[in-house]
1. For segment 64-214, taking Cα atoms only, what is the radius of gyration to one decimal and the Dmax to the nearest whole Å?
2. Output the Kirkwood hydrodynamic radius of segment 192-231, Cα pairs only, in Å rounded to one decimal.
3. Return the distance in nm (one decimal) between the two label points of a simple spin-label model at residue 180 and residue 82, each offset 7 Å from Cα along Cα→Cβ.
4. For segment 21-69, what does the convex hull of the Cα positions come to per residue, in cubic angstrom?
5. Under a crude label model (7 Å from the Cα following the beta-carbon direction), how far is residue 236 from residue 145 in nanometres?
6. Using Cα pairs closer than 8 Å and at least 6 residues apart in sequence, work out the relative contact order for segment 1-47, in percent.
7. I need the P(r) histogram for segment 1-138: all alpha carbon pairs, bin width 10 Å from 0 out to the longest distance, whole percents.
8. Principal axes first, then extents: for the Cα atoms of the chain, list largest minus smallest coordinate on each axis, whole Å, largest first.
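The values are calculated or read from the model by the stated rules, or taken from the named source; none is laboratory data. If you're wondering where the values come from, they're calculated on a predicted model, not measured in any experiment. Note that we place each Cβ from the backbone using ideal geometry, even for glycine, and neighbour counts take in every protein chain shown. To get the accessible areas, we keep the full protein, side chains included, count just its heavy atoms, and leave off ligands, DNA and RNA. Shrake-Rupley method; radii C 1.70, N 1.55, O 1.52, S 1.80 Å.
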Amino acid sequence: MILTIDIGNTHTVLGLWKGEQLLDTLRIHTDRDKTADEYHLLVKNLLRNLPGTYAPETDIEGGILSSVVPALKSVMAEAMKLMTGKDFLVVGPGLKTSLNIRMDNPAQLGADLVVDSIAALAKYPPPLVIFDMGTATTMSVIDKTGAYRGGLIIPGLKLSVDALSARAAQLPYIYLGEPARFIGSNTIDCMQAGAVYGGAAMIDGLIARTEEELGQPVTAVGTGGLMALIHKYCKRDLRYDENLMLEGLRLLYQKNVS
């Protein structure tokens, strides 16, 4: 079995794979202050308490991690070495990706966007537009040749709603969930409907503008924690893929160890 780890700004998601089968996933809070020893014990105990009762020291043959939090790359890599005795691959310079990145500075492309793109190209026909909704909302555009052309970085949905509550004296902090209706009849309903329907309309509009820019239809793919809420409100055809990042990490692991 291999362990894939996606370290995001807010949450860290782990996937345990046997071949091409995703056996289990775990989601933990990303804590920049935790040490390698603490992550080691946390992940080991979580794995041992899964229904499969996995023993990390013997069951995990290797793994790979991707992080948008630079300080946690080495911390998590050390934690996994303590837990399994194996050196985990880290997405970054030196790792074979085979992704053709046609940006001004390819080195600036985030590890998460690289991994999303590799997984999407393996599963869906290009041209592609990939939305990843987390702390930030990112959009990646891949042309019909499979080349990464660039994209957009947008303030995340929850970040935007929290900022609105913080800066508008009469607006409360709200739980971001399914709105009761499209046209809200009270402050909280209005805020939830504005966030969810506004987020969905933004996705729809960006798909249309990408097709305008490329001059042809695209395959739209959505992933990330908040996409689970938003995708069902989109009117455009959007393929929701909850484990896209974990699949991309598995593919990268196989590409670099075979």
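1. Considering segment 64-214 through its Cα atoms, Rg and Dmax are 19.1, 57 Å.
2. Values: mean 1/r = 0.0911 Å⁻¹.
Computed over segment 192-231, the radius equals 11.0 Å.
3. Using points 7 Å along Cα→Cβ, the separation is 4.8 nm.
4. On the way: hull volume 5.1 nm³, N = 49.
Hull volume normalised by residue count: 104 Å³.
5. Reported label-point gap for residue 236 and residue 145 is 2.3 nm.
6. Values: 55 pairs, mean separation 12.9, N = 47.
Once divided by the residue count of segment 1-47, the mean separation gives 27 percent.
7. All Cα pairs considered, the percentages come to 11, 42, 35, 12, 1.
8. Projected onto its principal axes, the Cα set of the chain covers 56, 44, 32 Å.
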